[in-house]
Amino acid sequence: MRKISSSSSHSEELNRDREVWVKHYSSNYQILLVGERDFSFSCSLVTLFRSASNICASSLDSYANPSFVCLLACLHNFCIVLLTIFLLKDLLKDDVVTKYSRARSNLKTLKRLGTSLLHGVDATKLKQHPHFHCRRFDRIIFNFPHAGFDCKESDSYLTTHRGLVFGFFRGASHTLRANGEIHVAHKNKAPFCHWNPEELANKCSLVLKQCVAFEKKDYPRYENKRGDGSRCDRTFILGDCSTFRFHVAKELHTENMNGDK
């Protein structure tokens, strides 16, 4: 029996003993979720894992920090309150709760279980985000990326959608640990198949490891929200869709690691 020499070693030993797997994801992995809508996918994972200290869930939408709002409520000087709101108006925007009926409940669960929560994160600019300058992940997940618009899907938006996916791959490839993977859940029928995520990934020195069927039933509580327009809180028909699992070409990973030194 291996001797445990410190409390941190003891904690790591306990984590390994209690490891939980949900499809491709281990409770011991460092996991980044990008482009969350109502945070139901990350909420599904952490509920099954029963902990979330290793998970970072992010969204493009803004979220008003309740503590900051309470602080404003305590201010008695009306002029100070107005000036503060004007200068820090972006911190008071609450798009995620306004758009999604279950977002507040999901965020509450995530916070209680220790999830790192980030809002206003542009999936195409991960490399520039200060939170990711030093942190690396075993899995980075972007479910059903979509550039967003309130009309019928068509090939006319192909360039915009592909630009989003390409920008995500470019930044995420620099945020992986050794042997880490980038996962993109995506619909297989037209016009979505024309986005060709594998081609975009290859341009970022990412290689397709596996393509497996995405099954919503594997993630209880997950709701695939539209995320934009007047029907943003409604789900869309998934149909035939897959999780594309990519990893970084070895030579690029070596280059990235050298650049981090």
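The values are calculated or read from the model by the stated rules, or taken from the named source; none is laboratory data. Worth saying up front: this structure is predicted, and the values here are computed from it rather than measured. As a convention, Cβ positions derive from the backbone with ideal geometry for all residues, glycine included, and neighbour counts pool all protein chains shown. The accessibility values were calculated without ligands, DNA or RNA, using every heavy atom of the protein model including side chains. Shrake-Rupley method; radii C 1.70, N 1.55, O 1.52, S 1.80 Å.
Of the residues in the stretch 167-177, at least one is open to solvent by 30 Å² or more (accessible area, probe 1.4 Å), at pLDDT 90 or above, of a type outside the set (A, V, I, L, M, F, W, C) and not in a strand (DSSP E or B). Within the stretch 194-205, the set of residues being open to solvent by 60 Å² or more (accessible area, probe 1.4 Å) and either free of Cβ contacts under 8 Å to residues at least 24 places away in the same chain or aromatic (Phe, Trp, Tyr) (or both) comprises GLU199, ASN202.
Does the stretch 175-202 hold any residues that are touching a Leu at 6+ places or on another chain (Cβ under 9 Å) and of a type in the set (Phe, Trp, Tyr), and which are they? If the condition is that a residue be touching a Leu at 6+ places or on another chain (Cβ under 9 Å) and of a type in the set (Phe, Trp, Tyr), then TRP195 is the only one that fits.
Take the conditions in a helix (DSSP H, G or I) and at pLDDT below 50 and apply them to SER67. Does it pass?
Criteria met by SER67.
When the stretch 44-56 is filtered for residues that are open to solvent by less than 20 Å² (accessible area, probe 1.4 Å), under 11 Å from ARG112 (Cα atoms) and part of a helix (DSSP H, G or I), only VAL46 remains.
Scanning the stretch 144-157 for residues that are within 26 Å of GLY171 (Cβ to Cβ), modelled with pLDDT of 90 or more, touching a Gly at 6+ places or on another chain (Cβ under 7 Å) and small (Gly, Ala, Ser) turns up nothing.
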